[in-house]
Amino acid sequence: MSRRNQVLRNSHSEFERPGFVFRKEIASRGANLMLHCDDVPLPALAKRYGTPLYVYSATAVRQRLKAFEDAFRDVAHTICYSVKANSNLSILRLLAKSGCGFDVVSEGELERVRAAAPQTVSKIVFSGVGKSSGEINAALKAGILIFNVESESELSRLAECTEKLRKTARVALRVNPDVAADTHPYIATGLHKHKFGVPIASALALYARAAQAKYLKVAGVSVHIGSQITDVAPFEEAMIRLADLVRALRTQGQAIEYVDVGGGLGIDYRQARNDFAEYVGNYARAVTGPMRGLGIHLLLEPGRSILGPAGVLLTAVLYKKQNDGKRFVIVDAAMNDLIRPALYHAYHEIVAVVQTRNLSSQETVDVVGPVCESGDFFARDRELPEMEEGDLLAILDTGAYGMVLSSNYNSRPRAAEVLVSGKSVKVIRRREKVRDLYVAEL
Ligand code: LLP
């Protein structure tokens, strides 16, 4: 049995964490334990807005961001939230209100930030291995903080663009520190075999070239060693190498002001951690230790660690079926709504939203969606309380890399998203209509 459901059975109070909590709800037929987001019971949201539905807790987002701010309070830093994790305008606005800058990787993300929080443009870092001239120009005109350049060719392209526009760009090179981190191969980035960054050994020469360009101002170094990394040692290793590079660059006369640490701090998808502040504290020590005494301004690009546990995907059971003894729970969300299980074999905890029936009657099921692919599953051989048609399930830790990776595959309209703050609920993306699916087509 998955630990979280076990915890739930034994003592629902242990499940409590910022954002999502089981509470007694006096319903018409007696008192039930119901999963709440902040102060709002999830069944009420399902009833009002339908399913599948992404539900985010503003409280959890704020608390997680605050944990980051507290952990880094002793060093000059800016948190540039990685927009790719969840790019909803209301989420960006919430983060901007709490003081965040942003890490963007496309013109689309840049424009999202400008639409949500135009005042934060001076706190935008532009990352990504394939920025087009159009995207570079848009960022130059907007006046972002810094470009994280990933190759010699991109450096030349950026120099050309700045000359045409006569605008100066602050530049960092994203270096590849050749540090191995234990994560899924699709999201590891820090080894020389990966497409990201420039080898640390060739960085000095490239910096010297950058310094020659009239409108480029060398200002930083950057790194991102991968995502969903839960051991802080590889971060420290990368920062030791980066600190050496900073010293070498300064000896060359380069004015290095910023060190961009990237993102990548993982979350625990198996069980909720209630020691997040301590965990981020360890991460902060690993990252800042090697930089001590360098008078650096740190840029941090967390995505998942801020948003992941702050969201759930709420889905309703459509049908149950058995094939030769194998049991399936078919739900109304599918791989087009949440692709992580299909793409990375990612584990997401799933809980029954209403805990009424005798919880000792568990069954082992595959939780699957309606899409015509065997890869359309959320859980395999998972023990869950016995469900009935119409029952609600919450797929946990889906606030990051959930909605942003959704698609219209099988011509399924995208889910709606709601943001809950205390008792208040705001629809932050309306459910797509069938017509939205083909409105851009001829
Ligand atoms: N900075 C850079 C340059 C990145 O490439 C990424 C993520 C981040 C920051 C944010 O990393 P985070 O703190 O969220 O780990 N779709 C995958 C994750 C892909 C991450 C790509 N880059 C997943 O669902 O696990």
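Nothing in this text is a laboratory measurement; each read-out follows from the coordinates by a stated rule. Keep in mind it's a predicted model, so treat the numbers as computed, not measured. No Cβ is skipped: glycine too gets one built from the backbone with ideal geometry, and neighbour counts run over all protein chains shown.
Does a label point 7 Å from the Cα of Glu389, set along Cα-to-beta-carbon, have any residues of the stretch 314-351 with amide nitrogen under 11 Å, and which are they? Residues passing the 11 Å test: 318-321. With a simple spin-label model that places each label point 7 Å from the Cα along the Cα-to-Cβ direction, the separation between Ala201 and His345 comes to 3.4 nm. The stretch between Ala255 and Thr364 holds 33.3 nm of extra length on full extension. This uses 0.36 nm per residue minus the Cα-Cα distance. Rounded to two decimals, the Cα radius of gyration of the chain over 2.2 N^0.38 Å is 1.04.
A straight line joining the Cα centroids of the stretch 97-115 and the stretch 237-314 runs 19 Å.
Could you tell me which trypsin sites (Lys or Arg not before Pro) in the stretch 156-220 are loop residues by DSSP with no more than 11 other beta carbons within 10 angstrom of their beta carbon?
On the way: sites: Arg157, Lys164, Arg166, Lys167, Arg170, Arg174, Lys193, Lys195, Arg209, Lys214, Lys217; in loops: Arg166, Lys167, Lys193, Lys195, Lys214.
Loop-located and lightly packed - Arg166, Lys193, Lys195, Lys214.
Each label was represented as a point 7 Å from its Cα along the Cα-to-Cβ direction; for Glu111 and Lys141 these points are 1.1 nm apart. Per residue, the average separation of C-alpha pairs within less than 8 Å and at least 6 apart gives the chain a relative contact order of 19 percent. For the stretch 333-342, the Karplus equation 6.51 cos²θ - 1.76 cosθ + 1.60, evaluated at θ = phi - 60°, returns couplings of 8, 8, 4, 6, 8, 9, 9, 4, x, 5 Hz by residue, with Gly and Pro reported as x. Cross-link partners for Lys24 among the lysines, with Cα-Cα distance under 17 Å and sequence neighbours closer than 8 places in the same chain left out: Lys423.
Extension gain for Arg209 to Ser133 (0.36 nm times residue separation, less C-alpha to C-alpha distance): 25.4 nm. The Rg/Rh ratio for the stretch 231-388 is 1.17, where Rg is the radius of gyration of the alpha carbons and Rh is the Kirkwood radius. Computing FRET efficiency as 1/(1 + (r/R0)^6) for Tyr438 and Ala248, where r is the C-beta to C-beta distance and R0 is 60 Å, gives about 0.60. As a calculated quantity, the FRET efficiency between Lys217 and Asp381 at R0 = 51 Å, using C-beta atoms, amounts to about 0.35.
Take the chain and mark each of the GluC sites (Glu not before Pro) that is in a DSSP loop with at most 11 other Cβ atoms within 10 Å; the longest unmarked stretch, sites excluded, is 1-387. Determine the sum of side-chain charges near Glu417: Lys and Arg each +1, Asp and Glu each -1, restricted to other residues whose C-beta is under 12 angstrom from that of Glu417. Result for the local shell: +3. Under a 5 Å amide H cut-off, with hydrogens placed 1.01 Å from N, Ser82 pairs with Asp103, Gly303 among residues at least 5 apart or on other chains.
The Cα-based radius of gyration and maximum Cα-Cα distance (Dmax) for the stretch 127-302 are 16.5, 52 Å.
Work out, step by step, the length gained on full extension between Arg170 and Ser156: first 0.36 nm times the residue separation, then minus their alpha carbon distance; give nm to one decimal.
On the way: separation 14, 0.36 × 14 = 5.04 nm, distance 1.39 nm.
Once the chain is fully extended between Arg170 and Ser156, it gains 3.6 nm.
Among rounded, prolate and oblate, which fits the stretch 37-99 when a ≥ b ≥ c are the square roots of the eigenvalues of its C-alpha gyration tensor, a/c under 1.5 means rounded, and a/b larger than b/c means prolate? Because a/c hits 1.5 or more and a/b exceeds b/c, the stretch 37-99 counts as prolate. Placing a pseudo-label 7 Å from each Cα along the Cα-to-Cβ vector at Cys372 and Asp231 gives an inter-label distance of 4.4 nm. Between Asn274 and Arg327, the FRET efficiency from the beta-carbon distance, with R0 = 30 Å, is close to 0.40. Set against the 2.2 N^0.38 Å expectation for a compact globular protein, the stretch 307-365 has a Cα radius of gyration ratio of 1.28.
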